[in-house]
Structure formats: structure tokens, C-alpha cells
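Q: So that we are looking at the same thing, I have put the structure below in C-alpha cells.
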């Protein structure tokens with residue numbers, strides 16, 4: 001057991017996130033090939049509902065756990081630290097059990113509301129079944145999140161990162177093997193295969209929890225678990241500690257639930273509205289599955305960048321804010337936004353341009369899915385920006401502003417989702433694009449508000465960011481035009497998986513080279529990453 005410093009811990013955590021995303025992305029190729037569009041939608045229904053209840057039962061308390069354990073450990077209040085861990089575990093397990101029974105009891109009502117009057121696709125009974133199965137994860141995942149927070153509070157970053165990889169690997173293994181055995185060997189109906197696939201979340205979490213629990217038991221001395229109460233610790237009553245946990249956790253719970261609620265709005269409105277517009281259940285469920293699950297898995301390639309940036313940015317901003325280093329704060333926030341734009345703009349619009357071959361590589365050809373994905377993937381830009389801006393706002397202790405911003409965005413999204421589907425249908429864009437357009441609009445407004453708010457509150461100067469954003473936008477546009485010209489020689493309208501792989505590799509290398517050359521010539525690379533990095537790169541050549 002080795003404690004990790006800030007930079008080392010950030011690298012390990014970021015690498016763990018990226019590895020988990022890669023594992024979570026690659027499995028969809030065989031999984032999606034084994035199931036139908038109806039099965040894909042059924043999988044999406046279960047996870048969309050589960051993610052909201054998971055946020056309710058796990059958000060906030062692990063973060064509070066990490067912070068409080070770290071504080072009391074540094075004060076050498078080891079008994080209080082252990083008491084916090086036990087209280088947090090009881091609280092979060094109680095929430096998990098409560099929401100497990102909520103899903104168990106109300107699954108039929110939720111399934112009925114999701115489908116509305118749609119017929120010909122998934123049945124209410126099938127959706128009810130998979131929701132109840134995935135609910136079992138709420139009995140394990142909350143305790144897993146608390147023990148991860150406990151490790152992080154002691155600055156042990158490696159074990160929780162390994163646990164994340166174990167959890168994801170076991171989940172994917174069970175999904176692939178379970179699906180293959182159920183559908184190809186035993187010839188069971190598809191809903192059974194999907195139920196096994198969602199139950200994999202429970203098994204994966206169980207393996208990760210056992211790993212962390214056994215490692216903690218084996219290295220008990222590293223955690224300094226004292227039973228003796230010091231005189232100073234006697235004043236920390238159970239009531240006081242529960243209040244501390246709730247006070248720290250509540251803002252994070254609200255914010256995380258609001259983030260998850262975007263998907264809930266789509267779950268409850270997309271299929272119902274599209275069938276009302278005259279689309280078949282197959283088209284409606286296909287469009288939803290792209291928005292709810294399969295498109296989201298691809299967009300995580302882009303969004304994970306904002307998660308990595310936030311992990312490195314938050315501690316630095318917190319330190320500068322407390323020490324009132326306004327100049328350093330200004331530089332770091334601007335650099336974070338510039339780095340985010342530098343990476344996500346070309347990646348996102350590159351995915352829009354290559355939507356057809358990329359989708360075929362992972363899921364096979366489906367025209368509706370590809371069209372929905374082209375608009376849906378653009379949300380990666382706004383979602384990444386709002387993630388970083390919200391994290392900055394929370395770090396400077398402006399939780400109310402963060403909650404208000406996300407609440408406004410959620411309410412606006414809930415109100416606009418259905419009208420946008422009708423509007424997109426009317427103007428010929430396709431009703432299935434309405435949900436993505438609504439989300440884009442309702443995320444642009446909060447992003448703009450937070451940029452202005454942070455500028456006024458922290459006296460930020462965005463002049464350098466404006467210049468860099470213009471250069472990045474121009475370079476991205478030139479990259480896209482160059483790729484369009486390349487289509488005259490190498491078309492991208494292939495319908496097969498293997499040719500699509502070669503097309504994507506060629507265009508990524510071609511477009512990437514053009515973009516990075518333009519960024520180097522414009523001086524953006526040097527401004528963002530410093531001249532030393534470029535010198536080292538050329539030396540390795």
C-alpha cells in the first residue's frame with residue numbers, strides 16, 4: 001500500500017478512467033452484433049432508469065467520505081475517521097436498499113410510462129423485468145462507492161482505480177459470455193440475455209468490493225484504525241458527524257442527479273412522442289437507444305477528456321482560491337478551457353464527419369442510428385464544457401449557482417424535448433433529432449451563463465481564450481474541408497465493418513496531421529503545452 005501524491009494520483013485515476021472507457025466501448029461491438037435493435041433499446045431503458053437511482057444512492061456521500069476521512073486522518077482523530085466510515089456506509093446502504101425496493105415496486109408503472117401507446121417493440125413485462133434485475137446493483141454499488149471514498153481519503157488512489165478496472169472487466173465479460181450462451185447456445189429469448197447483461201453491473205461491483213475489502217483487511221495497519229477515543233474526539237457526536245456528511249454530500253447529490261436527469265427526460269418522452277408522430281416502434285426505440293446508450297458510449301471518448309482535466313484542475317483551483325492568487329487562478333481556468341476546446345472540437349466534428357464508418361465499426365449499418373448520432377455527438381462539446389465549468393463553480397464554494405444552473409437546464413430540457421421533436425419533424429429534420437437539439441440548446445445557455453458569472457466573480461480575462469478558440473475553430477474547419485476533398489479519392493460510404501476500419505484510420509491520420517500542423521504553425525501548441533514539450537518531441541524524432 002503506497003500513498004499517491006497529487007500528480008501521480010491524478011495520472012493513475014485518469015489512466016484508470018480511460019482504460020475503463022476503452023473496455024466499456026470495445027465490448028459493444030460483439031454485444032451489439034448479438035442483439036436486435038429492440039434488445040438494444042431494452043438495455044437502454046434499464047440503464048437510463050438505473051443511472052438516476054444510482055445517482056440518488058451514491059452521489060455525494062463518497063465525496064464527503066473522502067474529504068472527512070482525509071481531514072480527521074490528518075488531525076490524527078483515527079477513531080472519528082473510522083466512525084465516519086461506518087456511518088457513511090450505513091447511510092448509503094440504507095439509501096441503496098430503499099431505492100432498490102422503489103424500483104422493484106414501481107417497475108411496471110415506469111415501464112408503462114416509457115412505452116405509452118407504443119406497440120410492436122418491447123413489452124411492458126420485458127421492461128419491468130430488466131429494471132428489476134438491474135435494481136439489484138443498488139444493493140452493492142453504494143457500499144463500493146463508500147469504500148472507494150475511504151481509500152481516497154487516505155490518499156490511496158491506486159486500489160480504487162484497480163477496482164474500477166476489475167468492475168468494468170467483470171461486467172463486460174459477463175455481458176459477452178452470458179449473451180453468447182443465452183442466445184447462441186441455449187436459444188433463450190432476447191429479454192433473458194438483456195437481463196443477464198444488466199445484472200453484470202451487480203456482479204462487477206461485487207468483485208470490485210471484495211477486492212477492496214480484502215485489501216483493506218490485509219493492510220489494516222496502513223489505515224490506522226484506532227478504537228481509543230481521545231479527549232478532543234469526544235465532542236464529535238454521532239448526530240454531529242451525520243450532519244457533516246449530509247452537509248457536504250447534499251450539493252453533490254443534487255448536481256449529479258440533475259446531470260443524470262437529462263437521460264431520464266429522454267427515456268420518458270422520446271419513444272412516446274415519436275410513436276405519436278407516426279414513427280414505428282422500431283424506429284422510435286432505435287432512436288432512443290442511440291441517445292440513451294449506444295451513442296453515449298461513443299461520446300464518452302470525448303467527454304472523458306473533461307473528466308481528466310477536472311481531476312487535475314480542481315485541487316489547483318481550490319488552493320489558488322483559498323490563497324487568493326487571482327492571477328494564477330485566471331491562467332489555470334483559461335488554460336483548462338483552451339485545452340478542452342483544443343481536444344474536443346476536432347474530435348467531435350471529426351466524429352460527425354465520420355459518423356457512418358464509426359457507427360458501422362461498432363454497431364453495423366443502420367441509417368436512422370447514424371443520422372441520430374450525427375447530431376447527438378455534438379452534445380459532447382456542451383456537456384464537456386458544462387462539466388468543467390460546474391466543477392470550477394463548486395470548487396470556489398458556489399454550490400447554489402451550480403445547482404441553479406443545472407436545475408434551469410434540466411427544467412428547460414424537460415419543457416423543450418417534446419416541442420423540439422415536433423418542430424424537427426415539421427421542418428424536415430426528423431422528429432428523432434428533436435431530443436438532441438433540445439439538449440444542445442439547454443446546455444449552451446448554462447455554459448454561457450457560467451462563463452459570464454465566473455468572469456465577473458473571479459475577475460477573469462478571457463482575451464487569450466477568445467484568440468485560441470478562433471484559431472482552433474479555423475483549424476477544425478480547414479481539417480474538415482481537407483477531409484471532404486479526400487472523399488473524392490477515398491469515399492466514406494462503405495457499408496461493411498472491415499473497410500470502415502481502414503477508412504476511419506486513414507481519415508483520422510490525415511485530418512489529425514493537418515490539424516496539429518495548423519495548431520503548431522499558429523502557436524497554439526506552444527501556448528498550451530509550452531515549448532519544452534515540442535523540443536522533446538523533435539528530439540525523439
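Q: Could you grab the pairs with beta carbons closer than 9 Å, sequence gap of 6+ or different chains, first residue in the stretch 265-290 and on the phi > 0 side of the Ramachandran plot, second one part of a helix (DSSP H, G or I) and surrounded by fewer than 23 Cβ atoms within 10 Å (Cβ to Cβ)?
A: What qualifies is 278/425.
Q: Looking at the stretch 485-494, is at least one residue assigned to a helix (DSSP H, G or I) and either assigned by TED's automatic domain parsing to the domain that holds residue 323 or in contact with a strand residue (DSSP E or B) (Cβ under 7 Å, 6 or more places away or on another chain) (or both)?
A: yes
Q: Determine whether the stretch 274-292 contains at least one residue that is at pLDDT below 80 and assigned by TED's automatic domain parsing to the domain that holds residue 467.
A: Checked against the condition, which is being at pLDDT below 80 and assigned by TED's automatic domain parsing to the domain that holds residue 467, the stretch 274-292 yields at least one hit.
Q: Going residue by residue through the stretch 361-373, is there one that turns out to be in a helix (DSSP H, G or I), closer than 30 Å to residue 249 by Cα and either assigned by TED's automatic domain parsing to the domain that holds residue 432 or touching a residue at least 12 places away in the same chain (Cβ under 8 Å) (or both)?
A: no
Q: Another question about this same structure. Can you pull out every residue in the stretch 111-135 that is in contact (Cβ under 8 Å) with a residue 60 or more places away in the chain, crowded, with 19+ Cβ neighbours inside 10 Å and part of a helix (DSSP H, G or I)?
A: Of everything in the stretch 111-135, those that are in contact (Cβ under 8 Å) with a residue 60 or more places away in the chain, crowded, with 19+ Cβ neighbours inside 10 Å and part of a helix (DSSP H, G or I) turn out to be 111, 114, 115, 126, 127, 129, 130, 131, 133, 134, 135.
Q: Which one of the conditions (1) closer than 30 Å to residue 31 by Cα; (2) at pLDDT 85 or above; (3) assigned to a helix (DSSP H, G or I) does residue 387 fail to meet, given that it meets all the rest?
A: (2)
Q: Test residue 498 against the criterion of being part of a helix (DSSP H, G or I), surrounded by fewer than 16 Cβ atoms within 10 Å (Cβ to Cβ), modelled with pLDDT of 95 or more and out of contact with any strand residue (DSSP E or B) (no Cβ under 6 Å at 6 or more places or on another chain), and give yes or no.
A: On the way: part of a helix (DSSP H, G or I): yes; surrounded by fewer than 16 Cβ atoms within 10 Å (Cβ to Cβ): yes; modelled with pLDDT of 95 or more: no; out of contact with any strand residue (DSSP E or B) (no Cβ under 6 Å at 6 or more places or on another chain): yes.
Taking the combined requirement at face value, the residue does not satisfy it.
Q: Still on this model: Does the stretch 444-467 contain any residue that is part of a loop (DSSP other than H, G, I, E, B), farther than 30 Å from residue 324 by Cβ and modelled with pLDDT of 90 or more? Let's see the steps before the verdict.
A: Pass one, the stretch 444-467, residues part of a loop (DSSP other than H, G, I, E, B): 459-462.
From what is left, the residues that are farther than 30 Å from residue 324 by Cβ are none.
No, the stretch 444-467 contains no residue that is part of a loop (DSSP other than H, G, I, E, B), farther than 30 Å from residue 324 by Cβ and modelled with pLDDT of 90 or more.
Q: Which of the residues that make up the stretch 174-190 are out of contact with any helix residue (DSSP H, G or I) (no Cβ under 8 Å at 6 or more places or on another chain) and assigned to a helix (DSSP H, G or I)?
A: Passing the criteria: 177, 181, 185.
Q: Among the numbered criteria (1) over 28 Å from residue 400 (Cβ atoms); (2) at pLDDT 80 or above, which single criterion is violated by residue 240?
A: Of the numbered conditions (1) over 28 Å from residue 400 (Cβ atoms); (2) at pLDDT 80 or above, the odd one out for residue 240 is (1).
Q: Shifting gears a bit: From the list 104, 115, 87, pick out the single residue that is modelled with pLDDT under 80 and touching a helix residue (DSSP H, G or I) at 6+ places or on another chain (Cβ under 9 Å).
A: Details: 104 fails: modelled with pLDDT under 80; 87 fails: modelled with pLDDT under 80.
Every option except 115 fails the conditions.
Q: Restrict the check to the stretch 324-337 and report whether at least one residue is within 20 Å of the chain's Cα centre (by Cα), part of a helix (DSSP H, G or I) and modelled with pLDDT of 85 or more.
A: Scanning the stretch 324-337 turns up at least one residue that is within 20 Å of the chain's Cα centre (by Cα), part of a helix (DSSP H, G or I) and modelled with pLDDT of 85 or more.
Q: Can you confirm whether residue 440 is more than 21 Å from the chain's Cα centre (by Cα) and assigned to a helix (DSSP H, G or I)?
A: no
Q: Under 28 Å from residue 156 (Cα atoms), surrounded by fewer than 20 Cβ atoms within 10 Å (Cβ to Cβ) and either at pLDDT 85 or above or assigned by TED's automatic domain parsing to the domain that holds residue 154 (or both): does that describe residue 213?
A: yes
Q: Related question: Listed residues 434, 428; which is farther than 18 Å from residue 327 by Cα, assigned by TED's automatic domain parsing to the domain that holds residue 515 and more than 24 Å from the chain's Cα centre (by Cα)? Show your work before the answer.
A: Values: 434 fails: more than 24 Å from the chain's Cα centre (by Cα).
Exactly one of 434, 428 is farther than 18 Å from residue 327 by Cα, assigned by TED's automatic domain parsing to the domain that holds residue 515 and more than 24 Å from the chain's Cα centre (by Cα), namely 428.
Q: Return the only residue of 140, 131, 97 being at pLDDT 85 or above, assigned by TED's automatic domain parsing to the domain that holds residue 165, out of contact with any strand residue (DSSP E or B) (no Cβ under 8 Å at 6 or more places or on another chain) and under 29 Å from residue 278 (Cα atoms). Let's see the steps before the verdict.
A: Values: 140 fails: under 29 Å from residue 278 (Cα atoms); 97 fails: under 29 Å from residue 278 (Cα atoms).
Step by step, each of 140, 131, 97 is checked, and only 131 is at pLDDT 85 or above, assigned by TED's automatic domain parsing to the domain that holds residue 165, out of contact with any strand residue (DSSP E or B) (no Cβ under 8 Å at 6 or more places or on another chain) and under 29 Å from residue 278 (Cα atoms).
Q: Can we say residue 415 is assigned by TED's automatic domain parsing to the domain that holds residue 294, under 22 Å from residue 254 (Cβ atoms), surrounded by 20 or more Cβ atoms within 10 Å (Cβ to Cβ) and at pLDDT 90 or above?
A: Here the answer is no, as residue 415 does not meet what is asked.
The values are calculated or read from the model by the stated rules, or taken from the named source; none is laboratory data. No experiment lies behind these values; they were computed from the predicted model shown. Positions of Cβ are backbone-derived with ideal geometry, glycine not excepted, and every protein chain shown enters the neighbour counts.
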